[in-house]
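The values are calculated or read from the model by the stated rules, or taken from the named source; none is laboratory data. Small disclaimer: the values here were computed from a predicted structure and weren't measured. Note that we place each Cβ from the backbone using ideal geometry, even for glycine, and neighbour counts take in every protein chain shown.
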Amino acid sequence: MLSGPMPRLDVKQIPSVYKRARRLHSAGRTDAAEALYRQILAIRPQTTEAHYQLARLYGRNGRHAKALRSFEKAIAQKPGEAAIWASLTETLLEWRDSSQVVGISDRLVQAGHARAVLALLTKLADRFLKQGAAGLARPVIERALKIAPGRPDLLTMLGDALSFLQAPDAALSSYDKAIAAAPGADFPKIQKAVLLQTLGRFDDAELLLREALEHAPNNGRLFRLLTSGGKMTAGDPLIARMQETFAKPDLRPADRIPLGFALAKALEDIGAFDRVFPVLNVANGLVRKTFPYDIRTRTD
């Protein structure tokens, strides 16, 4: 820690003092770095970089209120600086506190940054959902919907969160709103169909999936979901369609992989066992190529 009173800086000294503060910060001497950042701001409050670094420092040290104030000051001075928004996103993800997210979002919206806040909230909600933290995602999505009511991707995400939280009726309602807002989009229909299958409503799910397939004829996940709803029968036109689609040379690996597993399952259902493994070999080969695995990378 720096000892004794600090001499007042001259404006011309700010660049060199900032570099020193960054070196101290990187070395883990956060008290000394904080003192220098604050010294810079005492003579030049509009130094965005100092506010930004203080925000990062406070965030890591658990001083949440100070971190948020510093982020807000940095954004006020450079609202288009992507690094500040990215750091705020990562900081809020680390804290895992949706009330903090909603609080700073409200203040930043009032300050005129609604568009950037919407992007922030969408990214946070997506990350929380991918982490399985639906309870954190839900209030974040609901706040985003106040900025952009009726946006189909947000309504779909809300449906996902509610489904995870075992509120199926509310989830289905949210999916329905997303489908109404974007009738040609396949993702809300897919997510609703997945929930319907979970609820045992396979016929309703199949109708949605087949409808989505008309808009996204190469979507391998749709074929996978359609074949998972029950046993396929010989003569089902879906099998011929899968074979035709699987043979397309320009089909993306991301679609060919699930389609391959769906087709193999369908062929097994109808007893065409000699045709199962050639299809599985292609799909498994793409999995290995797309997601290479080396046992040497494993750690105990």
Can you spot a residue in segment 62-82 that is over 30 Å from Pro149 (Cα atoms), modelled with pLDDT under 90 and of a type outside the set (Ser, Thr, Tyr)? yes
What is the residue count in segment 33-81 for residues that are more than 15 Å from Ile104 (Cβ to Cβ), surrounded by fewer than 18 Cβ atoms within 10 Å (Cβ to Cβ) and among the hydrophobic types (A, V, I, L, M, F, W, C)? 4
Test: residue in segment 100-115 that is surrounded by 16 or more Cβ atoms within 10 Å (Cβ to Cβ), over 26 Å from Pro149 (Cα atoms) and touching a helix residue (DSSP H, G or I) at 6+ places or on another chain (Cβ under 9 Å): no
Considering only residues that are buried (at least 19 other Cβ atoms within 10 Å of the Cβ) and among the small types (Gly, Ala, Ser), which ones fall in segment 17-32? Ala21
Across segment 72-93, what is the total count of residues that are over 22 Å from the mean Cα position of the chain (by Cα) and within 25 Å of Gln131 (Cα to Cα)? 0
Please find, among Pro278, Pro292, the residue that is at pLDDT below 90 and over 20 Å from Val194 (Cβ atoms). Pro292
Mind counting the residues in segment 266-290 that are surrounded by 20 or more Cβ atoms within 10 Å (Cβ to Cβ) and under 14 Å from Ala234 (Cα atoms)? 2
Mind checking which pairs have a first residue in segment 201-228 that is surrounded by fewer than 18 Cβ atoms within 10 Å (Cβ to Cβ) and a second that is among the small types (Gly, Ala, Ser) and part of a helix (DSSP H, G or I), Cβ under 9 Å, 6 or more apart or different chains? Asp204/Ala193; Leu207/Ala193; Ser228/Ala262
Would you be able to tell me the number of residues in segment 127-185 that are surrounded by 23 or more Cβ atoms within 10 Å (Cβ to Cβ) and of a type in the set (S, T, N, Q)? 2
When the residues of segment 82-99 are narrowed to those that are farther than 10 Å from Tyr52 by Cα and among the aliphatic types (A, V, I, L, M), which ends up surrounded by the fewest Cβ atoms within 10 Å (Cβ to Cβ)? Ala82
Looking at segment 137-167, which of its residues are touching a Gly at 6+ places or on another chain (Cβ under 8 Å) and not hydrophobic (A, V, I, L, M, F, W, C)? none
Hey, Val282 hits all of (1) among the hydrophobic types (A, V, I, L, M, F, W, C); (2) under 28 Å from the mean Cα position of the chain (by Cα); (3) over 30 Å from Leu172 (Cβ atoms) but one; which does it fall short on? (2)
